[in-house]
Every structure is written in structure tokens, then in C-alpha cells.
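Here is the structure we will look at.
Laboratory data are not the source of any read-out in this text; all were calculated from the coordinates shown. Given the structure is predicted, the values throughout are model-derived calculations rather than measurements. Backbone-built Cβ (ideal geometry, glycine too); neighbour counts: all protein chains shown.
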Amino acid sequence: MNASSSANAPCGPEEGETPSLQGPTADMIDWTPVCSLDALIPDVGVRALVGEEQVALFRLSGLGEVFAIDAFDPFSKAPVLSRGIVGDLNGQLVVASPIFKQHFNLETGSCLEDAAMSVRTYQTRVVAGRVEIASGLSRGNGEGR
Amino acid sequence: MDLPSGQSSVADHQVVVVGNGMVGHRFVELAADIPGVGVTVFGEEPRGAYDRVHLSEYFAGTSADDLALGTPPEAATVHIGEGVQEIDRDAKTVTTTQGRIVEYDTLVLATGSYPFVPPIEGRDRPHCHPYRTIEDLDGIQASGVGGAVGVVVGGGLLGLEAANALKNMGLATHVVEFAPGLMGTQLDDGGGTMLRGMVKKLGVEVHTGKNTLRIVDGESSRHRMEFADDTALETDLVVFSAGIRPRDELARDAGLEVGERGGIVIDEGCRTSDPNILAIGECALYDGRIFGLVAPGYEMAKVAAAGLAQDDSVAFRGADMSTKLKLLGVDVASIGDAHGRSRGASTYTYIDERERVYKRIVVNKTGKKLLGAVLVGDTADYGMLLQTMRSELTLPKHPDALILPRRDGGGMPAGAVDSLPDEAQICSCHDVSKGAIVAAVCEGATTLGAVRSCTKAATGCGGCAPLVTQVLNAELERQGVEINTDLCEHFPHTRQELYHLVRARGITTFAELIEKHGRGRGCDICKPAAASIFAACWNDHVLRPKHAPLQDTNDHFLANMQKNGTYSIVPRVAGGEITPDKLIALGQVAKKYDLYTKITGGQRIDLFGAQVHELPLIWRELIDAGFETGHAYGKAVRTVKSCVGSTWCRYGVLDSVGMAIHIENRYKGLRAPHKLKFAVSGCTRECAEAQSKDVGVIATEIGWNLYVCGNGGMRPRHADLFATGLDDATLIQLIDRFLMFYVRTADRLQRTSVWMENLEGGLDYLKSVVIDDSLGLAAGLEAEMAHVIDTYKCEWKAAIEDEEKLQRFRTFVNSNRTDDSLVFVRERGQRRPAFADELAVEV
Ligand SMILES: Cc1cc2nc3c(=O)[nH]c(=O)nc-3n(C[C@H](O)[C@H](O)[C@H](O)COP(=O)(O)OP(=O)(O)OC[C@H]3O[C@@H](n4cnc5c(N)ncnc54)[C@H](O)[C@@H]3O)c2cc1C
Ligand code: SF4
């Protein structure tokens, strides 16, 4: 079983600096190349292995960004979230777990049905047509695993 | 035989009930609750009370147990198969056929009536039967065996019902009526003529104005009926249905007042001329009239029970004999003064000879009140017209508006139900008023099903269901409850509406659908629904890239995801028939990939535990061995279960396996709002459990019987008999239409049972659409089905032949590793996912 170990390294912006990104600045991050952007069909998730962690990646139609969250569904405890249907609910971008159908916000990782549950999210970027994931750092904190 | 009984010895008022028919039973249910009253019932028939109104369904396979009216209340003692022979009014006792003498404080006569058999010479010959009890029907059924022709004497309501039964038994059927028209009691001449034409068209010969003189030995058949006009008719079976006569013999012998033409005279409290004796139901005569329907009988039971409880507030003041029924597939209704005999009455008539509709209303002198109506061919307005008459509503300025077709949308004029008073009786079988339905809605019953279960409305003959729905919807609207049938937040449409949009506008992608008819990006509700609509309309391969984002994972990977994220695989085994070689091939594949193997309830084999990347490898081997996908992952046709039928079974009548394979191969791949299950049994012993399936087929001596809308699962539902005695081609034709109509009109995730229950008009409506093609849809439905069948492809075969599609079957996008987070445990020689407490604690 993999576990989230280095999830919450607190790397907030330095005192007095104007942050260019919410969270750690781009050049402080260890980026892991994952796959070409073309390998992602819009609105269909894939699973990637980043180190020993299973990450669900989503490219949404009409958006340039790629979203990444932990592939493990905290309810079923199975690595299935890349295989859920994506869409929007009340203006939030979500993926629905294929096992028990809870929805997770792709940007924050929080579960819409149960505020106490959430999954980790990862920063991503696209460089020269390749998708990269921020390894070791997360935008949000997985809970409920 | 005595049914279970409770203690009635403490009661200080002993009530004895003679007759355990429908009305007697209802009375006992009501009276048993009254404190201090003990109830003893004697019923002459060899079984407990049963639903005589639905007696004819016995021929269609409804068992005597199904017809039973439920066990009598604890507090009543019921003696079955024991009649009452004599009443001693002075001693206040009755003597039974078993010599028992029982004392009473109050005696209730609920002896019903007996069928009138005209004094025809030869009426006692074998194979001549009345039509009143289950035993009569057993006799008719036995006489039907080996016969070819059947005659019903009597062209009234019951006679036509009996004719329908004979026709369904496969007999050439005739109706012989003494009067010049059919259903003379209920219909006027115009209605009778229209009905006659329709009945003839259905293949039943009608002979009116015929006086039968005698029945003698036949030449080509068992009997020969000779008529007064020197004509004759050969037949194997005669059913008498020439009216009923009240069973008043006990009352007569005891010196109670009876009517000139029979019937025990009662007053408003259902009391006979002896105040200690009451009479209720068909044996009773009120105001010179007999009431041959169950609703007035129930009303009398209520009045009698209230009287026992010292409640004089209710009284029986007659009942109107309005009726609505479906005879031989023809809708007929009669309300109030159908013949227009009231003084000063005038009528409006609407006749449509093409569609065979006849409607007539009778209005009073001023044209402001409705007195009666006759409806043949279209009875949709029955409930509303009946209430308009009973509540004495003021008619619109042009009363013909009530019967003229409303072509723009149909339904009753807006607000019509609003004008009904709260006391208006909506359901006459269970006496449910509009007020009671409204109250139920206020307490949270917001669907027809909920109203049904908490008020009993529309659970009797079901004829009032459309009106109940209107009352329900009007009340919901009044409460400002928006009846939201939207699929989800992205589409302000039902699945059915979307289906029509997709088909009518030729829409083939979700992007186009949501852009033109929805908003946002979609979700896990509307996307799969749209995918299933596209599949049903265009039979596009579900793995086409444009559809990929719409599929849930099972459809996406063409396998069933299990709780640990691995998949199971179910190849098609049509009809459950499999060769040893294929069985071996399955075993070899399962062994090679270490798949947990289990036989399913649908007679196939399920292989569990495959990872995404293994799916195409496994399928390549399965396809090489001759297998096809079983669609276990889809809302689609699953299995056709079958028994071995005539191939091996000594009882088998037809080749159930052959038919099952034929059906499964025909409909495999059909996408639907929900999964569809079928079964075919080789005889009525029903080993394949066809009556618990969406589509069930049972072989009989005269062809296939088709059942629809059953299901197992959480809310099991017994399927309804849909059609009988079908040949192969007709069976398939009806299933084609039924399935396509379901695919077209059902809501997302609505199984056939719920879909049918929610159709206004229910089973009868469904029959009219599918069998009689009342909406003119049949040809279109068949063509759509033909398209689906012609374009069928095994999705797995298509997938493994397409490099691009194979791309998606990777466990990780960036690695060829397999998922080593999966943990299995071996049990009984196979592996299964580990339970949480079996996992090494490692977090
Ligand atoms: C085929 C058919 C279809 C019908 N369809 C409809 C319909 O669609 N709508 C409708 O409203 N009505 C219909 N009816 C009529 C309806 O069934 C009757 O109105 C209703 O059953 C009357 O109930 P009852 O209790 O008065 O009589 P019954 O149901 O006849 O019960 C009387 C019982 O008393 C018993 N009995 C008689 N004498 C004695 C005795 N001395 N001792 C002990 N027991 C005795 C009889 O054996 C019988 O069981 C139909 C009837 C038939 C036969
Ligand atoms: S349903 Fe009839 S034919 Fe089929 S196995 Fe059972 S007994 Fe035999």
C-alpha cells in the first residue's frame, strides 16, 4: 500500500514577497514528466504512477489545464478515481467515483457529499506538449484515507 | 374446513353472516373491529372469499390464491364449505348443512346471486356451464380441451367477458343474444352497434335476436344449438351468461319480504322486514332494484356495519350503475341514464367510424347538468364525466366540448378537476374521495404509486388511475410543488424528451446535445443517459472516441468494475447453452489469468479480478474460442434464461432453448434505460422463472404466452400476462415493439416494471399501443429495432481489432507496471480481494 508521507511540506510564500502562485513558486518544485498532452482524451481520466503514488489525471475539454488528484477513492479505498465521469456540479469541476458515486472537486480535492472527506490534489503544468506533475508537493491535503 | 379463528366468546352481540362472497367478506372486515361484536361466517363455496370481479383473469394464469381476498380478521370465525339451510326467526338461530345450529343476535344475508340459465331443453348436457365461480371456470377450461368451437349465451357485460375467455382459449367463439343488441342494459343502440362491429372485427361472431330452443347432439361438434328461426349452430362448449338472479331462497322460506321478481327487500339501513336480519350485496333489493356490481355491495356492507356500531349517520340510498370496462380489448363505459330516458333529456353524439369511437352524453332539459353518457372505443373521459354527473357540476356553454376530441394535447379541459368538490368519489372500488387523495398528497404522497399505497385509490379495477393522477398533479401544482422531471441540472428535459430530441434532430454527439439543449459540462447522470440514447438511436460503437467521456467505467472498459477496482468478464452464453469445448476454453483462460470463477444467476460464467491491461488479452483468447461480449457491463439486454424444454424434458411443449437463443441473439447489444432480463420456459411448470423477468415467454399447448414487466431484485414484481397463444413470428414482433417502446419512452434507470406502472393507463394502455397499435407506432418501432439488429457488432471484437481503442486499456499512462497495490487472499482454491482487516497495517 502506498501512503502519503511528504504531503504537507509547508512551503508558503516568504514574508513580504508577492506570491506569483498560490502555494509554492514554480521554480521550487520538483516536476515529474508524465506523458504527452495528446495521450489525454478530453474529459477521460487516466492513471499515472508518480514515484509510488497513483495519480488520476484529467484534461477537460475547452480548458488548457490538466487536473491531478490522488487516484485512491477514500470511500472504497480502491484506486479508481481516474475512471470516474467528469463534469460540473453547481459550478465546480468534479469527478464522480465509479464505486459509490461521490463527487470530488478536481481543483480542491474536497468531496461534495461529505465535507469531512477529501483527496490530495497535485499541481500540474504542460511544457512543450508534455504533462508534468509536481511530485512531493500538493495543493491540498488528502484526508480520510 | 374452518379457517383460523379467534375468540368470539366474550362478545355479547353475536352476528352470523350467511355467504362469504365479496360483500360478505367486506362486511366481516368492518364488523370484526366493532367492540363487543362476535362474528361467525358460513360460506358455501369450497374456498375463502375471492375477487369475483377479476374472475376471468383465472384463465390468464392468475391462480385461485392470487384471487383470494385475504385472510379474514382474527376476531371472526369462518366456516368454509358449510352452507346455511334454514333460519328460525323465533328462536333466532340458523341451521347449517352440517346440522350445526347457531344462535344470532343479528343475521346478515350476503348470499349474492346465481347465474340465470334460460329454460332451454338440453341445458344440463355435459360441457354446458354457468360463469360465476372458480369451479365453473375449471369446468369451462376442462371442456375447452379437445374442443374447437365455443358459444356464449348472453351478450351482456359478463357474456362478452366470457367470450373473451373462450377466444383466448383458442376456440372459434360465438355470442348468441336474445335481444337485438349487445350490452342492452348499459348501451344505447348506437353504442351497441359500434361495439358489435368492433367485436366482430376481433373474430367473435355475434348473433343477436336469437332465441335458443334446444341443445341436442351435434354432427361435427359435441352439441347443436337450435334456434326459433330454424337456424342452428354447432358447438363443443356452451357458457350461459344470461343474467343473474338474487339468492333469496333462505329469506323467502323464513317469510321475509322479497320482491316480485326476487331480491330481499331492504331499507336505507339494509334492514329486511325482520329488524334482526340485514341483507347486503347482490341478494338485496332496494327501492325495487338489484345492484349487480361490487361497489354498491361494498356500500351496503359499510352501512350495515355502521348500523351494528350504532352509527346511523350513513345510509344506503341506491347507487348508480355506471360502469367502465374493457371487453375483448374494446373500451366500453356507461354512465347514469345512458339511454336518455329521463324526461326532457337531450343528447349529443360523436361518431368516428374510422377510429371506431362512439360517445354520447345525455343532458337535462336546461342543458346545464349531465344525466348520463355512453362511451365506446375511447373511455378516457369516463372518470371526469362520472364526477361531473355525480357532483352535478354545471356544464360548459357547449356541452359537446365534453366529448369532442381535444386534438391539441388532449386531456380534460384545464381546471376540470379543480371544480370537483372534495366529497367527489374518485375511486369507486374503494370509495376514495377527492378530499382523501388531496389529504394524502398534502401528507407527502407525491407520486401515483404513493397515493395508491396510502389511500388504496386506483388499486381496484384501476379505471380511475387517470383521474387520480389529475387530482394529484392539480394538487401538487396548487401547492406550488414543481413537478421536476429534469434529468439533472444540465438538462431541463426528461430522458424521454432527450430521446426524441436526439432522434428527431439527428443529434449524434454530446457536445451538440448540451450546446443546443442543455447547459454546463454535464455529469455522471446525463452523460451515460445520453450515451445510452445515442447507442439506442444510432447503434454507434460505444468505444468511439466521441462517446468515450460519456461512458461510466463499465461501458468504457466493457467489463464490470468490482469493489477493488478490478473488473469481471462475462462472455455471452446465449440461452445458457454451452459446448464442452467452450467450457474448457473458459476454464483455461480463467486459470491462466487467475480469475475467480463463478456461475451467475443468468446461466453464464463470470470471471473476476482482471486489471485494465489484461482485459484485451483475455478477450483476444475468448474471441478466438468463439465467444462474444455478454454486455453484463451495460444497461442492455443481459441474458435469456431457459429450461431444456421439449428437447429433453418430458413435459416440454415447445423448444424453449431454441427460442431463448433466438431471442438472445436478436436483442444482444440493445441499449436500454436499464438492464433487461428475459427467460423462456418450455411449459407452464415454469422452470426458467420467466414470470420474474422483463420479458418472459412460456410455452403452452396453443403457442407462446408472453409476460412483461417482471423483475427480481430489491422490489420483486411478478410479470403481467401480455398475450397468449402466439406463434414464433408474432411473439418476436410483439417483443420488438415492446422493447423499442420502452427504450423510447422510459426514464433513465427505470426498469420496465416501474415504467409500465407509471404509464397512464398502465398495462391496458401498453397492450393497446403494442398489440393493437393504437398510436400507429408499430411500424416505426419495428423498423428501429431492425436497424439495431442489423448494425450489431460485438464490442469486444471491434475493440481488439482497433489499435487506437486498445490504447485506453493501460493501467498506467506512463508505466507498464501493473497495479501492485492490489491485495488478494486465496480462499476455497481461488483468489479474492482482501478485506480491510486482512491488509497489513502499513499507513
Ligand atoms: C365473471 C364476473 C365478472 C364481474 N365483473 C364485475 C365488474 O367488472 N365490476 C363489478 O362491479 N362487478 C362485477 N361482477 C359482479 C360482482 O362480482 C358481484 O357484484 C359481487 O361479487 C357481489 O358480491 P356478493 O357478496 O353480493 O355476492 P357473491 O360474491 O356471489 O357472494 C355470495 C356468496 O354467498 C354464498 N352463499 C349463497 N347462499 C349461501 C348459503 N345459504 N349459505 C352459505 N353461503 C351461501 C355463495 O356461494 C357466494 O359465495 C362480476 C361478476 C362475475 C361473475
Ligand atoms: S418448464 Fe416445463 S419444459 Fe421446462 S424444464 Fe420445467 S417442466 Fe420441463
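Things to note:
- Counting Cβ atoms of other protein chains within 10 Å of each Cβ in B:524-533 and taking the mean gives 3.
- The charge dipole of the stretch B:593-701, taken about its Cα centre with unit charges on the Cβ of Lys, Arg, Asp and Glu (plus for the first two, minus for the last two), comes to roughly 340 debye.
- Between the stretch B:701-726 and the stretch B:648-692, the Cα center-to-center distance that results, in Å: 11
- Degrees between helix B:465-478 axis and first principal axis of chain B (Cα, 0 to 90, nearest 10): 70
- Simple Cβ-charge dipole of chain B, Lys/Arg +1 and Asp/Glu -1, about Cα centre, in debye nearest 20: 2640
- Antiparallel content of DSSP bridges confined to the stretch B:128-242, in %, to 5: 40
- Separation in nanometres of the label points that stand 7 Å from Cα toward Cβ, at B:Thr509 and A:Glu113: 3.2
- Of the beta bridges in chain B, as assigned by DSSP with both residues counted there, near 65 percent are antiparallel.
- Long-range HN-HN contacts of B:Ala68 with modeled amide H, under 5 Å: B:Asp51
- Only one residue of B:Leu617, B:Tyr567, B:Ala636 has its Cα farthest out toward the positive end of the dipole of the stretch B:516-638, where Lys and Arg carry +1 and Asp and Glu -1 on Cβ, and that residue is B:Ala636.
- Computed helical MRE - 222 nm, chain B, DSSP H runs ≥ 4 contributing -39500 (n - 2.57), nearest 500: -8500 deg cm²/dmol
- The slack in the chain from B:Asp486 to B:Ile351, taken as 0.36 nm per residue of separation less the alpha-carbon distance, amounts to 44.7 nm.
- Angle in degrees between helix B:778-790 and the longest Cα principal axis of chain B, rounded to the nearest 10: 20
- Cross-link table B:Lys598/B:Lys641; B:Lys591/B:Lys635; B:Lys201/B:Lys767; B:Lys563/B:Lys677; B:Lys516/B:Lys668, entries beyond 20 Å C-alpha to C-alpha: B:Lys591/B:Lys635; B:Lys563/B:Lys677; B:Lys516/B:Lys668
- Euclidean distance between Cα centres, the stretch B:758-810 to the stretch B:150-213, Å: 40
- Pairwise FRET efficiency - B:Asn758 versus B:Thr231, Cβ, R0 = 51 Å, nearest 0.05: 0.55
- Per-residue mean of foreign Cβ neighbours for B:486-495 is 1 (Cβ atoms of other chains, 10 Å radius).
- Estimated FRET transfer efficiency when R0 is 56 angstrom, pair B:Asp790-B:Leu69 (beta carbons, to 0.05): 0.65
- When only the Cβ of Lys, Arg, Asp and Glu is charged (+1, +1, -1, -1), the dipole of the protein assembly as shown relative to its Cα centre reaches about 2000 debye.
- Shielding by partners for peptide B:550-557, expressed as the average number of C-beta atoms from other protein chains within 10 Å of each residue's C-beta, is 4.
- Percent antiparallel among DSSP beta bridges (both partners in the protein assembly as shown, rounded to 5): 70
- A Förster radius of 60 Å, combined with the Cβ-Cβ distance separating A:Asp30 from B:Asn211, puts the computed FRET efficiency at roughly 0.05.
- Potential lengthening between B:Thr193 and B:Thr818 on full extension [0.36 nm per residue; Cα-Cα distance subtracted]: 217.3 nm
- Inter-probe distance in nm under a simple model that places probes 7 Å from Cα toward Cβ, at B:Arg810 and B:Tyr114: 8.8
- Whole-Hz Karplus values for the stretch B:292-298 come out as x, 10, 6, 4, x, x, 4 Hz, taken residue by residue from phi with 6.51 cos²θ - 1.76 cosθ + 1.60 and θ = phi - 60°; glycine and proline positions read x.
- When the charge dipole of the protein assembly as shown is built from unit charges on Cβ atoms (+1 for Lys and Arg, -1 for Asp and Glu) and taken about the Cα centre, the candidate among A:Gln92, B:Thr469, B:Thr508 whose Cα reaches farthest toward its positive end is B:Thr508.
- Whether the protein assembly as shown is rounded, prolate or oblate, judged on the alpha carbon gyration tensor where a/c under 1.5 counts as rounded: prolate
- Each peptide in B:103-111, B:289-297 gets a packing score, the mean of other Cβ atoms within 10 Å over its residues, and the list from highest to lowest is B:103-111, B:289-297.
- Cα-based helix-to-principal-axis angle, B:157-168 vs chain B, degrees rounded to 10: 40
- In terms of its alpha-carbon gyration tensor, the stretch B:188-268 comes out oblate; a/c meets the 1.5 threshold, while b/c is at least as large as a/b.
- Dipole of the stretch B:788-843, positive direction: furthest Cα of B:Leu806, B:Pro833, B:Thr818, with charges on the beta-carbon: B:Pro833
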